[in-house]
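Below is one structure, written out as structure tokens, with a few remarks after it.
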Amino acid sequence: MKICVVGLGYLGATHAVAMAELGHDVVGIDLDSTKVGSMNAGKVSFHEPGLEVALREALSRKLVRFQKTFEMTEPAQVIFICVGTPQTGSDGSADTSFVMSAGESVARVISPETVVVGKSTVPVGTAAALRDQMSEVAGFPVRLAWNPEFLREGTALEDSLKPNRIVIGSWDDYSSQKLKEVYKPILNRGTPLVEVDVPTAELVKVAANAFLATKVSFINAMAEVAEVSGADAVELAKAIGYDDRIGNKFLRNGIGFGGGCLPKDIRGFVARAEELGAGEAVSFLKDVDVINQRRRARVVALAEQEMGGLKDRRILMLGLSFKPDSDDMRDSPALDIALRLAQAGAKVTVHDPVALNALGEKHPELIREQDLSAAARDQELVILGTEWSEYRAIEPKAFGDLVANKLIIDGRNVLDVAAWQAAGWRLIALGRNVHN
Ligand SMILES: NC(=O)c1ccc[n+]([C@@H]2O[C@H](COP(=O)([O-])OP(=O)(O)OC[C@H]3O[C@@H](n4cnc5c(N)ncnc54)[C@H](O)[C@@H]3O)[C@@H](O)[C@H]2O)c1
């Protein structure tokens, strides 16, 4: 099928490549000409394992091309809108202006047969407004469907090609049939299909993210209680996680969630629910957010407490991205903690296997170091902020020979406490052995 993908960020770039992998003929569009140029040259503007290889393969098979405008030799049958919906304003609401403006551009080039599909995460009700606006611009009733995306950065392409489920929300049968055609190879493998109305499709994504954020903050709340009661939140998580009604995923306490989705999506959800008069129903998400932020403050307080002050103290932050296998630092807990420490006067060195490039010139107060051993030299405190496998594999004895003081805060609860202690380290694991 002829497919067009509008917006080439994490979602759109991955989706365009995934569509080509399914054998479709894909045109990707972005306003950013640098992004368009690099995609055409086989380079993705962010770190995502496997994506660049798949992109090059698709380019060499002429299944995908990228451009700034909508001029096409043959019109697309399905157009996916994958532009950003960042947080806006102090109330945390989502900025849907990119979606509306992309929709306006799309409406100028489509025919009544074209199926437009929203994939961006939007406040419930956005699709209806978008359909009305597009229909007005196009001069005919535009076919619009919603198809939320659940990919996780770090495994984005794999998640796109082997999703747990496909959710299709539509107002008409023709649109849902076309989408089922798009996803035929995936559906033929028995992937569950959930067909719903459009508001449900919009809500599914924010509800899923709200649930995941709540699970993380739940175990972090347990960690807070564990820290003042001498209990162990890691063992507690293990014990409750065996109950398959609870499950052990997203149940490891630490410095909390971040990234370009969860934090902004729960805030946007609260703001939209309030607009609709259902604010009380999701007001608990404000607590979820507060618990999440409080873990970051906790690490800063611990660092200060352990070192008797922060001014001019040498601290190494291991990891900057919000999760491993990604260089995405949007609302990253590790970066936020590093900045808070630097703000308090500490000399903070940052290391990350891939994210230093993406940091560019931003935050000059942070000292960059590409080499892990050089980064460790003479540090008084090490904080593990992102659970890259490279950090899990650190040999504590040799690493300990480099630092000035063998003190580490494991912000992700991934290090082998006994091994680090045996190598002479004082290891503080959140929710485990932090006693006031
Ligand atoms: N990042 C993820 O893991 C993920 C997963 C699922 C859903 N989502 C959702 O997908 C959406 C996009 O997220 P992202 O992380 O890819 O955002 P992003 O900011 O990385 O990318 C958005 C892209 O859209 C482009 N753009 C904006 N307006 C445009 C227009 N009118 N025409 C063409 N291009 C335009 C921008 O230049 C940018 O390249 C958001 O709603 C997000 O919540 C993201």
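Counting only residues that are open to solvent by less than 60 Å² (accessible area, probe 1.4 Å) and either part of a loop (DSSP other than H, G, I, E, B) or of a type outside the set (A, V, I, L, M, F, W, C) (or both), how many does segment 238-271 have?
First, the residues of segment 238-271 that are open to solvent by less than 60 Å² (accessible area, probe 1.4 Å): 240-241, 243, 247, 251, 253-271.
Add one more test, that the residue is either part of a loop (DSSP other than H, G, I, E, B) or of a type outside the set (A, V, I, L, M, F, W, C) (or both), and what stays is 241, 243, 247, 251, 253-261, 263-265, 267-268.
Total satisfying the criteria: 18.
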Given the conditions (1) part of a loop (DSSP other than H, G, I, E, B); (2) crowded, with 23+ Cβ neighbours inside 10 Å; (3) within 25 Å of the chain's Cα centre (by Cα), every one holds for ALA76 apart from (3)
Sort through ARG61, ARG131, ARG65, ARG56 and tell me the only one that's more than 30 Å from ASP352 (Cα to Cα), without any contact (Cβ under 8 Å) to a residue 40 or more places away in the chain and not acidic (Asp, Glu).
-> ARG65
Helices (runs of 4 or more DSSP H) completely within segment 300-388 that count 3 or more residues being within 25 Å of VAL216 (Cα to Cα) = 333-343
Quick one: which residue in VAL124, VAL53 is open to solvent by 10 Å² or more (accessible area, probe 1.4 Å), more than 20 Å from VAL27 (Cα to Cα) and more than 12 Å from the ligand (Cβ to nearest atom)?
-> VAL124
Quick one: is ILE3 within 30 Å of VAL124 (Cβ to Cβ) and either more than 14 Å from the ligand (Cβ to nearest atom) or in contact (Cβ under 8 Å) with a residue 60 or more places away in the chain (or both)?
-> yes
Out of (1) more than 16 Å from the ligand (Cβ to nearest atom); (2) open to solvent by 10 Å² or more (accessible area, probe 1.4 Å); (3) touching a residue at least 60 places away in the same chain (Cβ under 8 Å); (4) under 24 Å from the mean Cα position of the chain (by Cα), the odd one out for VAL290 is which?
-> (3)
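Condition first: in contact with a helix residue (DSSP H, G or I) (Cβ under 7 Å, 6 or more places away or on another chain), touching a residue at least 24 places away in the same chain (Cβ under 8 Å) and open to solvent by 10 Å² or more (accessible area, probe 1.4 Å). Can you find one or more residues in segment 355-368 that meet it?
First, the residues of segment 355-368 that are in contact with a helix residue (DSSP H, G or I) (Cβ under 7 Å, 6 or more places away or on another chain): 363, 365-366, 368.
Going one step further and asking which of them are touching a residue at least 24 places away in the same chain (Cβ under 8 Å), we end up with 363, 365-366.
Those left that are additionally open to solvent by 10 Å² or more (accessible area, probe 1.4 Å): 363, 365.
Checked segment 355-368: at least one residue is in contact with a helix residue (DSSP H, G or I) (Cβ under 7 Å, 6 or more places away or on another chain), touching a residue at least 24 places away in the same chain (Cβ under 8 Å) and open to solvent by 10 Å² or more (accessible area, probe 1.4 Å).
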Residue hits (segment 140-168; open to solvent by 30 Å² or more (accessible area, probe 1.4 Å) and in a strand (DSSP E or B)) are ARG143
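The values are calculated or read from the model by the stated rules, or taken from the named source; none is laboratory data. The model shown is predicted, which means the values in this text are computed figures rather than measured ones. Glycine gets a Cβ as well: all are built from the backbone with ideal geometry, and neighbour counts include every protein chain shown. These accessible areas exclude ligands, DNA and RNA; they are computed on the full protein's heavy atoms, side chains included. Shrake-Rupley method; radii C 1.70, N 1.55, O 1.52, S 1.80 Å.
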